[in-house]
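Let me begin by presenting the structure, written as structure tokens, before commenting on it.
The values are calculated or read from the model by the stated rules, or taken from the named source; none is laboratory data. The structure displayed is predicted, hence computed values, not measured ones. Here the Cβ positions follow ideal geometry from the backbone for every residue, glycine too, while neighbour counts run over all protein chains shown. These area figures cover heavy atoms from the full protein model, side chains too; ligands, DNA and RNA do not enter into them. Shrake-Rupley method; radii C 1.70, N 1.55, O 1.52, S 1.80 Å.
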Amino acid sequence: MKMEVEIMAFGIARDIFGASTIRLSTTENTTVGQLLEQLKNDYPALEELRSVAIAVNAEYATREQVVKPGDEVVIIPPVAGG
């Protein structure tokens, strides 16, 4: 069954998406890892980032975590320290 996931992006990820929020159509029981792979297929520039973290409902997510309808998904690009 299909579901829509709203994804928020910050920093360089926002620049890559061309928006601070995008909607992605995927299937139920999609894992964070599968979602990230789908995003990299849709937005190849994501592959060039050193690392990308994903948070689901304000907590860092593992690649195995399943995304559910209504979850808040945030792409967190690498942050330079200083």
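What the table shows:
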| quantity | calculated |
| --- | --- |
| Failed condition for Val79, given (1) surrounded by 14 or more Cβ atoms within 10 Å (Cβ to Cβ); (2) more than 16 Å from Ser20 (Cβ to Cβ); (3) among the β-branched types (Val, Ile, Thr); (4) at pLDDT below 95 | (1) |
| Within the stretch 8-32, tally of residues that are β-branched (Val, Ile, Thr) and either under 23 Å from Arg50 (Cα atoms) or touching a residue at least 60 places away in the same chain (Cβ under 8 Å) (or both) | 6 |
| Residue selected from the stretch 56-75 under the condition β-branched (Val, Ile, Thr) and more than 16 Å from Arg23 (Cα to Cα), by the criterion least open to solvent (accessible area, probe 1.4 Å) | Val66 |
| Count of residues meeting criterion [polar (S, T, N, Q) and open to solvent by 60 Å² or more (accessible area, probe 1.4 Å)] in the stretch 31-47 | 2 |
| Some residue of the stretch 9-30 being hydrophobic (A, V, I, L, M, F, W, C) and exposed (fewer than 11 other Cβ atoms within 10 Å of the Cβ) | no |
| Any hit, the stretch 48-55, residues being surrounded by fewer than 17 Cβ atoms within 10 Å (Cβ to Cβ), basic (Lys, Arg) and within 18 Å of Pro77 (Cβ to Cβ) | yes |
| Residue match in the stretch 43-66 (condition: among the charged types (D, E, K, R) and within 10 Å of the chain's Cα centre (by Cα)) | no |
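The rows are residues; the columns are (1) modelled with pLDDT of 95 or more; (2) touching a His at 6+ places or on another chain (Cβ under 8 Å); (3) among the β-branched types (Val, Ile, Thr).
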| site | (1), (2), (3) |
| --- | --- |
| Ala19 | yes, no, no |
| Ile22 | yes, no, yes |
| Asn29 | no, no, no |
| Val52 | no, no, yes |
